Structures are given as structure tokens and as C-alpha cells.
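The values are calculated or read from the model by the stated rules, or taken from the named source; none is laboratory data. Not measured: the values here are computed from a predicted model. Cβ placement follows ideal geometry from the backbone for every residue including glycine, while neighbour counts extend to all protein chains displayed. The protein model used for the area step is the full one, side chains on, heavy atoms only, and it has no ligands, DNA or RNA in it. Shrake-Rupley method; radii C 1.70, N 1.55, O 1.52, S 1.80 Å.
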Amino acid sequence: MRKIFLIYFFLFAFGAAGAQTLSKPIAASIISPGAYSIDHVDVFSVWQNVASLAQLREAGFGVYGERRFLLAQTSFYSSVIALPTEDGNFAFQADYFGFKNFNKSQIGFAYARKMGDRFNLGMKVNYYSFRIPGYQNPSTVDFEIGGIVHITEKLNAGINLYNPVGGKLSKTENEKLGSVYTLGIGYEASPDFLIAVEVQKQEELPVNVNAAVEYDFAKKFFAQFGVATENESPFGAAGISWDQFRLDVTASFHPQLGLTPGLQLIMNFKSKKVESN
């Protein structure tokens, strides 16, 4: 009962006031460490840095869902479609958080390309909205921009700016869309082992550090473990790949609110690889 009270307090006390942002997954994929790598990047890496999209060589589709704190009211769902071309890579993303009495949603269109051998640049335009019955339902258009530098073949670093110019959600309400600034670095000790650290500052919230390691063994199985310092929550994942599919089971544990399980499925369309200019 105490957990349910805390969750509803967070939803309505903070969800209807202050700087709004779309909730991101809090299970293992919170950091998407592949964003700061070459061999571990996937369609969901765009969560953390839109410039990572430039590294994709094959078209792909992914869906993800998590039952936050084991409650349907705090569920999060996301889907991404990515398409590499000779003129750069494109992606469409749709996210949803909440339930019928309180929810946030966002759809976005992203474009990224390689700017030489050492630098990737990406940009994403989003349509964001949130809804509470009996309350005006504001919405807005925002954007994010990201860049990734390939310092060496094994070391990659990047920055992603979400809604850097701020702005209100509507002309008649006081709600505003918050800004999120992210710095990340990844080290690929080998094609099978990745270490990634991310520092994130969201408007009106303290600095959060996410650290994770990912290991791929036997080219078929995956394991990931990490921690988020904001609430000292550990997270992890285990997955398997076959043919063009990858399936991951994720989990995170909040010290006060408990367990968050999640499930992620990625399908890559085997085709001729494209190297974007």
C-alpha cells in the first residue's frame, strides 16, 4: 500500500507540474551502452544518443516494454524502426508511459550520418504530449541533437542534448518541457566486452551517473549489469540471439519501490550493408 501511494504521488505531484520530460526505461536498457560503441550498437541506442544511429549498417525494428515497480499504471513501452541509406540513416520512434488516467507519449523522427571517419552527428524531432482527464492536455514539438567522437578504435565518447532551448508545453498553461544533457563514454575492451559510463543532468533534478558493462559470449548470448546512482538502483539483462532476432529479459531494483521487469525484442533485416557518407 505504501508503494502504491508513493508511485501515485510521483505521478501526480511531479507529473502535473515542473519541467516535464518523457519517462525513459529504468530497467537494464536505461543506459543502452551500445550508443558509445561500434560493435554493440542497436536500434535502441538512439535512446541515449541520436548520433549512434549513424553506426547502424542494417535496417532493424525493436519493441520494448517494462512493468515499472510491477504496476500496470506505471508501464513504459517503446518501438523503433531504423533504416540505413547511402545518404545517412533514418529512424522513427514511438514511446508511451502511464495508463488511461495519466500518460505521456512521444513520437520522433531521427536522422544521423557519419561526418568523416571520426565523428557522427544526429538530430531528432519529437512530438511530445501528456494527458490527465479533466485537465488540459498540453503538447509541443521539441528536438534533440547528438554527436559521437571515435577517439580510437576502442574508445568512443559523445554528447546528447534533449530540448536544449526549453519552452512551454502550451500557450495557456505553465508547464514546460525540461532539458536533458547527457555525456557518455564507452570502451570496447574487445568485440565482446563493453564498459560504458554516462553522466546525465535533467532540469530540476540532481546529476545522475549510469555505469554498465555488457558481455557477449558464444556470439549467441548476452549479459549486462549496471547501476544508476540517482537512486542507487542496480539493473541487469540477459539475452539470446538467433538468426536476425535478439531477445532480452531486463530487470531493475529500486530500494523503496521494488522490482521493474522488462522485455526487449530486436529484429535486424539481413540485407546488403550500407556505409553512409
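Structure above, values below:
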quantity	calculated
Verdict on F12 being out of contact with any Ser or Thr (no Cβ under 7 Å at 6 or more places or on another chain), at pLDDT 90 or above, farther than 16 Å from G262 by Cβ and surrounded by fewer than 19 Cβ atoms within 10 Å (Cβ to Cβ)	no
Long-range neighbours under 7 Å by Cβ, at least six apart or interchain, first residue closer than 8 Å to N89 by Cβ and free of Cβ contacts under 8 Å to residues at least 60 places away in the same chain within segment 110-124, second among the small types (G, A, S) and open to solvent by less than 50 Å² (accessible area, probe 1.4 Å)	Y111/G88; Y111/G122
Any pair with Cβ under 6 angstrom, 6 or more apart, that starts in segment 188-211 at a residue that is within 20 Å of H40 (Cα to Cα) and ends at one that is of a type in the set (K, R) and open to solvent by 70 Å² or more (accessible area, probe 1.4 Å)	E188/K154
Selection count, segment 37-72, where residues are of a type in the set (V, I, T) and buried (at least 24 other Cβ atoms within 10 Å of the Cβ)	4
Residues of segment 130-152 that turn out to be without any contact (Cβ under 8 Å) to a residue 60 or more places away in the chain, part of a loop (DSSP other than H, G, I, E, B) and open to solvent by 30 Å² or more (accessible area, probe 1.4 Å), as a count	6
Given (1) hydroxyl-bearing (S, T, Y); (2) in contact with a Gly (Cβ under 6 Å, 6 or more places away or on another chain); (3) under 19 Å from F222 (Cβ atoms), number of the condition Y77 does not satisfy	(3)
Answer from K176, K124 - the residue that is surrounded by 17 or more Cβ atoms within 10 Å (Cβ to Cβ), of a type in the set (K, R) and touching a Gly at 6+ places or on another chain (Cβ under 6 Å)	K124
